[in-house]
Amino acid sequence: MYRKAYLLENSIQHYSWGSSREIPGFMQIENPDGRPWAEVWMGVHPRGRSKLHIGDRKIYLDSFIAENPESVLGKRIAGKFGESLPFLFKLLSAGSPLSIQAHPNLEQAEKGYEREEREGIPREASSRNYRDQNHKPEIICALKKFTALRGFRTVDDILEDLESIPSAAQAVEFLKSGDLAEAFRRIMKSSSQEIEILITEARELAHSKKGSGKRFEWFLRLEDAYPNDVGVLSPFLLNLVELEPGQAMFLPAGELHAYLEGFGIELMANSDNVLRGGLTGKHMDVDELLSVLTFRAGEPDILFPVSGSAGVSCYPAMTDEFQLCRVECEGGGSVWNTQDSIALFVCTRGSLGVEAPEGGVELSQGESCVIPAAAGEVHIRGEGSLHAAWIPGKAGVNTEQ
């Protein structure tokens, strides 16, 4: 039973920032009511569990794992993570910007969760910061052009803009002394009146510089969508990143970021801990956000897949919980070896057959399946590509399949 590939039925998240066309068009599904389709969740998160197709029967993926965790997850993974899938796999379509945010590390998540439990804050309360005890490192891989803000620009680059904003003088002084953290804190903790003046002066700067840099264009777009929100200043403070299809970006704990627009694959540790600082109507806790930020400055690394064997390439793994890989088939076939790890596949181009030793599935674009660890060697045929989420034997190593 555990040496088959099984088709998945996944949940859709209709967040307001999602596109009404991108994911439905990708999956060739009608969306007659025009609702935004922000994310497709593949995994066992309580807010969106995947279902498994076994003949005419459907069961939740977490229930399937619980039946025999060592055969489904893999012995080494079940030993480390228990009976739970440690990652969440997504299709993500940003039709409009997401909030400025960061995620805690494991120690911060555990302490924050315990603190809010003691305070009696319900886990589903809008004011809750820590909904679980896990960290949330993540990787985003572009399927189409994907634009994001990620990590602080160099101090010199930030000064180039802020020195032209008179009301940012106090932050400028801290930047000149090398204190990026205090400079950012002064901006984020400004009064509503001070923020209004900052934004007014930043708007004048952006109009005067229009055409000389995309950060000025993005400031104006954000300011139009979120007037008087301190988060609209982010393009002056954070790196503007444009990922081309196939390029990826890793986001560790404490890294300030925001997805602005685009369509991609996202893979993360199975957590829902988000600390927001702007560009949102949701709960924000600026003090808590400031407490988890790392304040590293400089251009972020763009990740490219490293080729292995049989059409399989993997992005550098930086966490125990997951690695993202890509499989390309062009009229021939490819081989995936589970190496004692569960894998989730999603077809991202064309149509592919996934053949496990005791039964396989056919995947069209946007469809997904689960490969139990006990399946061993899996053959992939057809014309197209898929992205795979799995857990490598050693974090930080690209393992040849």
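The values are calculated or read from the model by the stated rules, or taken from the named source; none is laboratory data. Note that this is a predicted model, so its numbers are computed, not measured. Every residue, glycine among them, receives a Cβ derived from its backbone with ideal geometry; neighbour counts consider all protein chains shown.
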In the range 53-82, residue nearest to GLU9 (Cα to Cα) [restricted to those that are surrounded by fewer than 20 Cβ atoms within 10 Å (Cβ to Cβ) and within 24 Å of the chain's Cα centre (by Cα)]: TYR60
Which listed residue, of SER271, SER234, is in contact (Cβ under 8 Å) with a residue 12 or more places away in the chain, more than 15 Å from the chain's Cα centre (by Cα) and buried (at least 22 other Cβ atoms within 10 Å of the Cβ): SER234
Considering residues of the range 17-34 that are surrounded by fewer than 15 Cβ atoms within 10 Å (Cβ to Cβ) and touching a Ser or Thr at 6+ places or on another chain (Cβ under 8 Å) only, the residue farthest from PRO97 (Cα to Cα): GLN28
Those residues of the range 351-379 that are within 17 Å of ALA310 (Cβ to Cβ), in a strand (DSSP E or B) and either out of contact with any His (no Cβ under 6 Å at 6 or more places or on another chain) or not charged (D, E, K, R) (or both) come to a total of 9
Given (1) in contact (Cβ under 8 Å) with a residue 24 or more places away in the chain; (2) surrounded by 18 or more Cβ atoms within 10 Å (Cβ to Cβ), where does SER126 come up short, assuming only one miss? (2)
Out of (1) buried (at least 22 other Cβ atoms within 10 Å of the Cβ); (2) within 29 Å of ALA66 (Cβ to Cβ), the one LYS4 does not meet is (1)
Looking only at the range 198-231, filter to residues that are in a loop (DSSP other than H, G, I, E, B) and touching a residue at least 24 places away in the same chain (Cβ under 8 Å); which one of those is nearest to THR147 (Cα to Cα)? TYR226
I'd like to know if the range 55-63 contains one or more residues that are in contact with a Gly (Cβ under 6 Å, 6 or more places away or on another chain) and not assigned by TED's automatic domain parsing to the domain that holds GLY376. no
Filter the range 274-283 for residues that are touching a strand residue (DSSP E or B) at 6+ places or on another chain (Cβ under 6 Å) and over 30 Å from LEU85 (Cβ atoms); the one that is surrounded by the most Cβ atoms within 10 Å (Cβ to Cβ) is LEU279
Criterion (closer than 28 Å to GLU358 by Cβ, modelled with pLDDT under 95 and not aromatic (Phe, Trp, Tyr)) met by exactly one of GLY79, GLY43, GLY48: GLY79
Filtering the range 316-337 down to residues that are surrounded by fewer than 20 Cβ atoms within 10 Å (Cβ to Cβ) and touching a Pro at 6+ places or on another chain (Cβ under 8 Å), which residue is nearest to PRO392 (Cα to Cα)? ASP320
Taking the range 223-279 and keeping only residues that are touching a His at 6+ places or on another chain (Cβ under 9 Å), small (Gly, Ala, Ser) and under 21 Å from VAL155 (Cβ atoms), one is left with GLY254
Unique residue being more than 29 Å from ALA183 (Cβ to Cβ), out of contact with any Asp or Glu (no Cβ under 6 Å at 6 or more places or on another chain) and in contact (Cβ under 8 Å) with a residue 24 or more places away in the chain when the list is ALA258, ALA248: ALA248
All-but-one check, GLY281 against (1) of a type outside the set (Val, Ile, Thr); (2) free of Cβ contacts under 8 Å to residues at least 40 places away in the same chain; (3) under 29 Å from GLY79 (Cα atoms), failing number (3)
Quick count over the range 96-130, residues being under 23 Å from VAL230 (Cα atoms), of a type in the set (Gly, Ala, Ser) and over 18 Å from the mean Cα position of the chain (by Cα), is 2
Only one of SER307, SER341 is hydroxyl-bearing (Ser, Thr, Tyr) and in contact with a helix residue (DSSP H, G or I) (Cβ under 8 Å, 6 or more places away or on another chain); which? SER341
Kindly indicate the residue of the range 149-197 that is touching a residue at least 40 places away in the same chain (Cβ under 8 Å) and charged (D, E, K, R) and also farthest from ASP285 (Cα to Cα) among those meeting that condition. ASP161
Within the range 50-64, the residues that are outside any helix (DSSP H, G or I) and in contact with a Lys or Arg (Cβ under 9 Å, 6 or more places away or on another chain) are LYS51, LEU52, ILE54, LYS58, ILE59, TYR60
Please work out if ARG203 is modelled with pLDDT of 95 or more and of a type outside the set (A, V, I, L, M, F, W, C). yes
Out of curiosity, is THR348 touching a helix residue (DSSP H, G or I) at 6+ places or on another chain (Cβ under 8 Å) and surrounded by 15 or more Cβ atoms within 10 Å (Cβ to Cβ)? no
